[in-house]
Amino acid sequence: MRQAGHQLGLPLVLLGALAVSIIGLPLIGLLVKAPWQSAWTYLTAPASRDALRLSLVCSLSATAIAVLLGVPLAWVQARLEFPGKTLLRAVTTLPMVLPPVVGGVALLFAFGRRGLVGQVLFDAFGIRLPFSTAGVILAETFVAMPFLVITVEAGLRSMNLRFEEAARTLGASRWTVFYRVTLPLIAPSLFAGAVLCWSRALGEFGATITFAGNLPGTTQTMPLAVYLELETRPEAAIMLSLVLVAVSITVLAALRDRWLAL
């Protein structure tokens with residue numbers, strides 16, 4: 001058995017090394033081609049600063065909305081039994097596998113000027129979501145919230161329900177139990193889900209450019225700025241890409257143990 005394991009180990013190591021090279025070589029290419037001498041100039045350019053500011057504002061706003069709406073949704077999926085629950089979970093996770101451009105088109109038909117909800121919002125309140133900063137936030141929420149929902153749902157399913165039952169037997173209301181018992185117990189999952197949601201929102205491209213456009217200072221986030229700079233200033237695109245890569249690696253490395261535990 002041990003000899004067979006050694007014989008099998010070398011091919012697996014070689015295939016694993018090939019997998020790492022496929023993932024790592026593009027990143028090494030960015031590092032090698034990066035114009036480090038002029039990096040500060042590219043990163044502090046007005047367009048870059050505006051894109052970074054807009055990315056942070058929109059991604060943090062999308063994360064806040066995802067926490068506000070996603071935690072109750074995760075609780076419903078983890079604790080309640082009802083017809084159509086499987087379909088609900090499928091719809092909840094659909095944006096994770098849906099092509100981003102398709103998501104942007106769907107958002108247009110739902111929240112555009114002539115969309116199902118967008119027409120009502122515009123006619124009644126004068127609210128126009130497409131090609132606006134609010135549209136960017138909506139697109140990022142759409143694609144990123146499932147990451148928070150599935151992470152929090154996993155935390156709810158793995159927690160010991162006897163703590164909640166003990167609190168209810170002591171006379172605590174459902175809201176008190178949820179606030180004082182449930183939320184503290186799932187805090188690691190909630191934090192991990194929020195960070196994953198934020199990192200996904202920070203890197204969102206397809207749904208954003210389809211639904212909100214690429215308007216400098218209004219809807220042009222960092223990924224969109226990279227796309228635009230790639231056509232005119234590839235060096236600037238490389239530096240902006242490295243910023244997003246650094247953020248993503250930091251987030252994933254910090255959450256590795258928590259993600260594997262889920």
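The values are calculated or read from the model by the stated rules, or taken from the named source; none is laboratory data. Just so we're clear, the structure is a prediction, and the values are computed from it rather than from any experiment. Quick reminder, even Gly has a Cβ in these numbers, built from the backbone with ideal geometry, and neighbours come from all protein chains shown.
Summary of computed values
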read-out	value
Verdict on SER189 being within 17 Å of ALA51 (Cβ to Cβ) and either at pLDDT 90 or above or not acidic (Asp, Glu) (or both)	no
Pairs, first in the same structural domain as GLU204 (by TED's automatic domain parsing) in segment 44-62, second surrounded by fewer than 17 Cβ atoms within 10 Å (Cβ to Cβ) and not charged (D, E, K, R), C-beta under 7 Å, six or more apart	ALA47/PRO216; ASP50/PRO216; ASP50/GLY217
The lone exception for ALA172 - which of (1) at pLDDT below 90; (2) small (Gly, Ala, Ser); (3) in contact with a Gly (Cβ under 7 Å, 6 or more places away or on another chain) it fails	(3)
Answer from ARG180, ARG157, ARG174, ARG168 - the residue that is assigned by TED's automatic domain parsing to the domain that holds VAL97, in contact (Cβ under 8 Å) with a residue 60 or more places away in the chain and surrounded by fewer than 16 Cβ atoms within 10 Å (Cβ to Cβ)	ARG157
Every residue from segment 203-218 that is in contact (Cβ under 8 Å) with a residue 60 or more places away in the chain, farther than 15 Å from LEU98 by Cβ and surrounded by fewer than 24 Cβ atoms within 10 Å (Cβ to Cβ)	ILE209, GLY213, LEU215, PRO216, GLY217, THR218
